[in-house]
1. When you scan segment 374-408, how many residues do you find that are surrounded by 12 or more Cβ atoms within 10 Å (Cβ to Cβ) and without any contact (Cβ under 8 Å) to a residue 60 or more places away in the chain?
2. Only one of Thr169, Thr128 is free of Cβ contacts under 8 Å to residues at least 24 places away in the same chain and assigned by TED's automatic domain parsing to the domain that holds Glu98. Can you tell me which?
3. Does Thr490 satisfy the condition of being among the hydroxyl-bearing types (Ser, Thr, Tyr) and either farther than 20 Å from Tyr544 by Cβ or surrounded by fewer than 18 Cβ atoms within 10 Å (Cβ to Cβ) (or both)?
4. Does segment 363-386 hold any residues that are under 24 Å from Thr440 (Cα atoms) and outside any loop (DSSP other than H, G, I, E, B), and which are they?
5. Name, by its number, the condition in (1) within 30 Å of His298 (Cα to Cα); (2) not in a strand (DSSP E or B) that does not hold for Ile439.
6. With Asp449, Asp466, Asp459 as the choices, which residue is of a type in the set (D, E, K, R) and in a helix (DSSP H, G or I)?
7. Sort out which residues of segment 302-325 are surrounded by fewer than 21 Cβ atoms within 10 Å (Cβ to Cβ), part of a strand (DSSP E or B) and either free of Cβ contacts under 8 Å to residues at least 40 places away in the same chain or of a type in the set (Val, Ile, Thr) (or both), and write them in order of number.
8. Restricting to segment 201-227, count the residues that are more than 17 Å from Thr50 (Cα to Cα) and either modelled with pLDDT of 85 or more or crowded, with 18+ Cβ neighbours inside 10 Å (or both).
Amino acid sequence: MANAGEAVSLQEFIASLDETCLPRILQVCSGVYFQGSVYELSGSEVCLSTGDIVKIIRIDLLAVYCEDISTNEKFELPLTHTGLFKLVPEEMPYNTVEEMVSLRPEGLNSCLSFTFTSRCELTFENFTLGAGKRVTILSMEEREGQETHVRCLVQGQQGATAEVLVPLTCRGEFYECDSNQCYSLQEIMSSPHLCSQRFRFSKTTMCGGPLVFSPIYQVQAIMHLRKDIVKFPSTLEVDVIDVTEQNQNLTFVSPFTLSEVHSQPEDVFPTMAEILEGPEAQSLFRCSWLPELRKGSHVVLHRRGTSPMVLATSLKGRRAQQYFLVSQNYGGRLRRRPREFSSAYELYIALTHTPGLLVSVTRHCEEVEEEGVPALSVGEQLAVLRVEKVKLACNGQMKTVEALICRRSTDMDDDEDEEDEIEEVSLPLYMQGNFVEKITDNKKNRLADLCQSKALPLDVKVVNRDAGMETDPLMGFPSLRLEEATLEPTIEASLPGSPERTFEIPIRWLNMSLSFTSDPLPWPSGEPPMCHLETVKEVTDTFYYEFRRLTTSDEPPPPRPPKRTPVPDSKPSKKKGKSRSGEKASSATKDMGTSSLDSNKQKSLPAPPLPDNLSDRLPQLNPRKLKVATASKAKPNTYVQNTRKKKVDVCAVYAYVDSDHDYESMEEYADAMKKAQESVMFL
């Protein structure tokens, strides 16, 4: 970093700045200004004039430009560049060993060793180092009460080596040797010393000339006597002086993020604050107070804390699905609703959260022997007991699968005195079905009580609204699913115009910048208002999916049913045969009806000769009028007869496939088709 009191360019100062030393106070001493020294940068009006005081609070790397010294070629390197670079040794000598060591990016012990030579002969205790000998620094040796040394390896004659301790203060004329040590772009940019050195690509296939790096930073700063944060690039052509030590008592606006506000001591609250940077336009929340949190507006910060919340969703239906983040201080009353399940796997997941789960079957389920699925009837009661591995007959073979063991009970309506039939049934986890939870508890509950006594997820309905809210957005939904509970660090705030209407700002999900002000609180001194907390916040689907991604563990997918063994010479399915046979019959009847209508409008003409290339194209018939006559006065068209016979055969095949259903037999269908064909004659 540049010395205090020394004027340097802004680019040079920022490039040599250690981020751990922030914030730093700079004074503009000279520069080149454009358009009246006003810069429109990132939406902020930045005016830098001689004598201005600027407080640098943050720097972010924007880009890295390289210049090949041998060709003067300049190009930009992406920040994600993964290539490595080798340090080009400086031609100028180092005066001390400490000067060489200080150029390592993060201390000597975190880097590979490097080698140097001495122009003159040196003596350390009983060891003499000859001029030109290569010395490799291995590690640092720090001893309490003694001078810091570096442990070095010296290569002697005939391959002999020796280790020697060299003090950091050793003076001489040292030159660094070429090394195989490589650095990444991130390592170079993280060290102001390395950033000022010359490098070359480690791969010889790339440009081999020495490279000089020029990092470009975005600077975030606070200007004296201004409240907002300004941003500008480090390439502005101004000279600055570091005046941090001389301006310790200078007052600047102190911007705080929501996390920094939350870390403030309790005695800071309540207080007034001004918004320096509002939330992003595409927010994750849909709240009435969110549009009021804009740049320049004021808010009342009442207290900080951690609020237990629940993520709730409306069930899919006619309306679009909605998502809510509900505080457990919600004052409404809820009644449990039975959950619906569409598979045995969903029952298994519910069982892990709700021991003693009871469900009823809401739709008949036919037995599928190939998959080991039992038959279930509507109204049967299932008490889900446990999950275990059982042997089931799948595709004619006994296979071991995971299944739910349930106790099934069937009500005997015919004889009320007889007890219910009770048996155990095994439901494979891949089994599909329709079940509804059986709930005996019908009382009204508070949200906090439900979260403590029951395991989520739960389906509930709001039966009494929260009286502390003007409008309760949870009222009117036939059912809501409480999916997951969470602890959110929040800041309770309100708008100055209505300080009694408070809301909680979840600091993990909103990005804002605030500054405390000395404005008085909007109520009489010592008489805080009775606050009514808004406990429900509607959130977007983006928030929902991001929340689920962060909180849901990686659960395995549900098991798939076993593949069915294909049956040799299998026929088309009955459902498919029914559809196709009906489609063929409808098409044939339609064609015949059209032919019958046309035959009454055409003249009696002899049948045209059949074309030779009958298989390639349809015959072109001349317009003629057809009459319905007896079979003895007209001959049927041979082409039409052949085509219709094929249609009858196809329909007959599908009729045979559907023989298990209540359809016409093949003989009846063929007779009907034959009579319909013979009723159309060409004269």
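The values are calculated or read from the model by the stated rules, or taken from the named source; none is laboratory data. It should be emphasised that the depicted structure is a prediction, and the values quoted were computed from it without experimental measurement. Here Cβ is always computed from backbone atoms with ideal geometry, including for glycine, and neighbour counts include all displayed protein chains.
1. The number of residues fulfilling the criteria is 19.
2. Every option except Thr128 fails the conditions.
3. No, not satisfied.
4. Leu376, Gln381, Leu382, Ala383, Val384, Leu385, Arg386
5. Of the numbered conditions (1) within 30 Å of His298 (Cα to Cα); (2) not in a strand (DSSP E or B), the odd one out for Ile439 is (1).
6. Exactly one of Asp449, Asp466, Asp459 is of a type in the set (D, E, K, R) and in a helix (DSSP H, G or I), namely Asp449.
7. Matches in segment 302-325: Thr306, Thr313.
8. Residues meeting the conditions: 12.
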